[in-house]
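Structure first, then comments.
The values are calculated or read from the model by the stated rules, or taken from the named source; none is laboratory data. Just so it is clear, the model here is predicted, and its values are computed rather than measured. Neighbour counts are summed over all protein chains in view; Cβ atoms, including those assigned to glycine, are modelled from backbone coordinates with ideal geometry.
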């Protein structure tokens, strides 16, 4: 690292020692797909005229995927860009840059992406986000929000200074604690518009000034006649983004702040943001009753929501994870709401929920996700929860992303299956015990044309039968059901119960290998009996989505 020759941030990478020979820099562990087109960018600087080469080879150097050379002239930083089609497939490739002349050169920034990327993001992952169809996405987090400086995200992507997070060792484990700020406000807004969801932003509250908060609101929501609205318009976005939900800090009690310190900071930030756009909905960083007291006293009148974070069900056996939403999470939510009571009462946002983080999905976490969604469909209004944000989609249960492929994980399949409920009206069902095997939620479209039931059999031992009678649906024209069925119940993590056999054995017996991270998918067309009676057999550890279609006269 050369801290005297700086491209952006605190330095650059210096390559060479003035002696002839092959000198270079390499990055290992990259993946390329044969026939896929890639785009590259290098910011380079040389002290003498020389030829620099770039090469991509597989880990064994058995095939060259691409090679190119570039003549560089001494002077300021130079941008070298290009595209190529990979000549082969490799999941252990190396990207190399070097020279053979013995001169010195510096690397300021480097990028290698699929050429069809969407503002630097993979399109296959975005298409899966569309299948999940989130109502909103929250950016930039998470604890990461307390290190993010939104103004840096307005710089060209290669000119954004990297920063190192040193106080939260679990935050960026895959990049040696560094972040290159490849996602800024404009890229995030483009993502939300592409998948058709609301954008919500988290304002950094630690070590920042209220002016920063007001300026970010103005950049997102101000007219082109305002200072920051003009900046946005000049960047190609004359129409305001109209971001309505803003989080004032994220879990800042983990960063050495107390409620007494948080309260005046929140008040100043809220006043600055409301001054720019009075319509914004502000979410306070709430915690315990002791923490919340000064916050509500000083800033409560400026807040629209309180905040709840709850991770529940992780570390339990399969049955425990399945039943945790009603037996464990619901009591915790009641207690959290109680600690956040204000006059008048503010609604809450469950801005982080999951079984845990840092792990891919399993059958257990997928069934837990279905239980939480059912719980929110039934109880959100009574609890006063207005929004909920799953933490987090990529490689933590929603979407399984590898270097060359992406697919819906167990939780992602559940989210996609539950899409039928979106925008509907709740149908209230008879109460059942919190630990009952069958967990059900129901909704109806505003025009009465469709009814959806999401049914979870939380038993690890028995199939269960749901019996229901349809009233006031005299012109029922169709019924269909989609199942997500546990492919295997022998996940090593769940050592608390034995390998089981029973009525569902036939559903999984013929699979080639145990895959405790997958759901089998199946569709059926159930028939209605007399008087609108329907019986639906729900396999153990499965989710069923029953869709009933009404006739020609909704």
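Results for (1) part of a strand (DSSP E or B); (2) surrounded by 22 or more Cβ atoms within 10 Å (Cβ to Cβ); (3) in contact with a strand residue (DSSP E or B) (Cβ under 7 Å, 6 or more places away or on another chain), shown as yes or no for each residue.
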{"position": "189", "(1), (2), (3)": "no, no, yes"}
{"position": "206", "(1), (2), (3)": "no, no, no"}
{"position": "219", "(1), (2), (3)": "no, yes, no"}
{"position": "223", "(1), (2), (3)": "no, no, no"}
{"position": "257", "(1), (2), (3)": "no, no, no"}
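In segment 259-280 there is no residue matching the filter, namely being assigned to a strand (DSSP E or B), more than 24 Å from residue 357 (Cβ to Cβ) and in contact with a helix residue (DSSP H, G or I) (Cβ under 8 Å, 6 or more places away or on another chain). So, of the residues in segment 150-160 that are touching a helix residue (DSSP H, G or I) at 6+ places or on another chain (Cβ under 6 Å) and closer than 25 Å to residue 78 by Cα, which turns out to be surrounded by the most Cβ atoms within 10 Å (Cβ to Cβ)? The residue in question is 160.
Listed by first and then second residue, the pairs with beta-carbon distance under 6 Å, at least 6 apart or on different chains, first residue in segment 364-384 and closer than 17 Å to residue 335 by Cβ, second assigned to a helix (DSSP H, G or I), are 372/325; 375/325; 383/333; 383/337. Kindly indicate whether any position in segment 414-423 is surrounded by fewer than 23 Cβ atoms within 10 Å (Cβ to Cβ), within 19 Å of the chain's Cα centre (by Cα) and assigned to a strand (DSSP E or B). Scanning segment 414-423, I find no residue that is surrounded by fewer than 23 Cβ atoms within 10 Å (Cβ to Cβ), within 19 Å of the chain's Cα centre (by Cα) and assigned to a strand (DSSP E or B), so the answer is no.
Selection of segment 174-185 for residues being touching a residue at least 40 places away in the same chain (Cβ under 8 Å) and surrounded by fewer than 18 Cβ atoms within 10 Å (Cβ to Cβ) yields only 182. All of 75, 88 fail the test of being surrounded by 16 or more Cβ atoms within 10 Å (Cβ to Cβ), at pLDDT 90 or above and either outside any strand (DSSP E or B) or outside the structural domain of residue 109 (by TED's automatic domain parsing) (or both), apart from 88.
When residue 334 is tested against (1) out of contact with any strand residue (DSSP E or B) (no Cβ under 9 Å at 6 or more places or on another chain); (2) at pLDDT below 95, exactly one condition is not met: (2).
Scanning segment 118-159 for residues being under 22 Å from residue 249 (Cα atoms) and over 15 Å from the mean Cα position of the chain (by Cα) gives a total of 9. Can residue 199 be described as in contact (Cβ under 8 Å) with a residue 60 or more places away in the chain and buried (at least 22 other Cβ atoms within 10 Å of the Cβ)? Taking the combined requirement at face value, the residue does not satisfy it. State whether one or more residues within segment 383-403 are at pLDDT 95 or above, outside the structural domain of residue 90 (by TED's automatic domain parsing) and part of a helix (DSSP H, G or I). Yes, some residue in segment 383-403 is at pLDDT 95 or above, outside the structural domain of residue 90 (by TED's automatic domain parsing) and part of a helix (DSSP H, G or I). At pLDDT 90 or above, more than 21 Å from residue 79 (Cβ to Cβ) and assigned by TED's automatic domain parsing to the domain that holds residue 104 - does that describe any residue in segment 37-52? No, segment 37-52 contains no residue that is at pLDDT 90 or above, more than 21 Å from residue 79 (Cβ to Cβ) and assigned by TED's automatic domain parsing to the domain that holds residue 104.
Would you check if there is a residue in segment 231-251 being at pLDDT 95 or above, part of a helix (DSSP H, G or I) and touching a helix residue (DSSP H, G or I) at 6+ places or on another chain (Cβ under 6 Å)? Yes: segment 231-251 contains one or more residues that are at pLDDT 95 or above, part of a helix (DSSP H, G or I) and touching a helix residue (DSSP H, G or I) at 6+ places or on another chain (Cβ under 6 Å). Residue count for segment 311-329, restricted to those that are within 23 Å of the chain's Cα centre (by Cα), on the phi < 0 side of the Ramachandran plot and either in a helix (DSSP H, G or I) or surrounded by fewer than 16 Cβ atoms within 10 Å (Cβ to Cβ) (or both): 6. Are any residues in segment 380-395 over 29 Å from residue 428 (Cα atoms), in contact with a helix residue (DSSP H, G or I) (Cβ under 8 Å, 6 or more places away or on another chain) and crowded, with 18+ Cβ neighbours inside 10 Å, and if so, which ones? The answer is 393, and nothing else. Tallying residues that are out of contact with any helix residue (DSSP H, G or I) (no Cβ under 8 Å at 6 or more places or on another chain) and either buried (at least 16 other Cβ atoms within 10 Å of the Cβ) or not in a loop (DSSP other than H, G, I, E, B) (or both) within segment 339-361 yields 5.
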